[in-house]
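For reference, the structure discussed in these notes is given below.
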Amino acid sequence: MTETKLAPGDAAPEFALPTADGGTVSLDDFRGKRVILYFYPAAMTPGCTKQACDFRDNLSQLTDEGFVVLGVSKDKPAKLAKFVERDALTFPLLSDPELDVHRAYSAYGPKKLYGKEVVGVIRSTFVIDADGKIEQALYNVKATGHVAALKKKLGLA
């Protein structure tokens, strides 16, 4: 099972997913804006909390620069709602329990965990341009320091 990773210039796979607050968000909702779409393994775990809080703490700068931030995990909306409330997250968290969107973005598959190969969510971030094309595809990112590194890549640091 080899996953084809997305690359700059590829069309970003479309999606429509339920949100923590009971709504639905689709990529099409943001046509004309640049989107930062990030996939994380599980709500309320230490690394994912750090990453989400980093996005929260940098959201005003990213928004001022014209970006929309969306987080995606396999968690159900009820768990995402608890995560949003607990950590005062101010951007949409999307639920993909069937992992269809994860797979479309190659953010689910074989990965190394503590030196062993396992199959799971690959912490990944995608920057999608206003026309729905992949601008950046970053796989196996680290939870800590990722937002600062991303801002640097985007020329915002």
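A short reminder: the numbers here are calculations on the coordinates, not readings from a lab. Everything quoted here is computed from the prediction, not taken from an experiment. Every residue, glycine among them, receives a Cβ derived from its backbone with ideal geometry; neighbour counts consider all protein chains shown.
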Can you tell which of 52, 120, 38 lies farthest toward the positive end of the dipole of the stretch 16-153, using +1 and -1 charges on the Cβ of basic and acidic side chains (Lys, Arg; Asp, Glu)? 120
Under 9 Å from the Cβ of residue 74, count the other residues' Cβ atoms, weight Lys and Arg +1, Asp and Glu -1, and hand me the total. -2
Student exercise, the stretch 1-40 dipole from Lys, Arg, Asp, Glu Cβ charges, in Debye to nearest 20: 180
How much of the DSSP bridge set in the chain is antiparallel, in percent, rounded to the nearest 5? 70
Count the net charge of all other residues whose Cβ sits under 9 Å from the Cβ of residue 16, scoring Lys and Arg as +1 and Asp and Glu as -1. -3
Residue by residue through the stretch 73-86, the couplings from Karplus 6.51 cos²θ - 1.76 cosθ + 1.60 with θ = phi - 60°, in Hz, x for Gly and Pro, are 9, 7, 5, 6, x, 4, 5, 4, 4, 5, 4, 4, 5, 4
What residue among 61, 136, 51 has the largest mean-square fluctuation in a Gaussian network model of the chain, using Cα springs under 10 Å? 61
Report relative contact order for the chain in percent, whole number only (criteria: Cα-Cα under 8 Å, sequence separation at least 6). 32
Out of 14, 117, 65, any idea which swings most in a Gaussian network model of the chain, alpha carbons joined below 10 Å? 117
For the pair residue 45 and residue 90, the simple spin-label estimate (label points 7 Å beyond Cα toward Cβ) gives in nm 2.7
Gained length - residue 10 relative to residue 118, 0.36 nm times residue gap less alpha-carbon distance: 36.2 nm
Kirkwood hydrodynamic radius (Cα pairs, Å) of the chain? 15.6
Whole-number Å³ per residue for the convex hull built on Cα positions in the stretch 92-157: 117
Lys, Arg +1 and Asp, Glu -1 on Cβ, resulting dipole of the chain about Cα centre, debye, nearest 20: 660
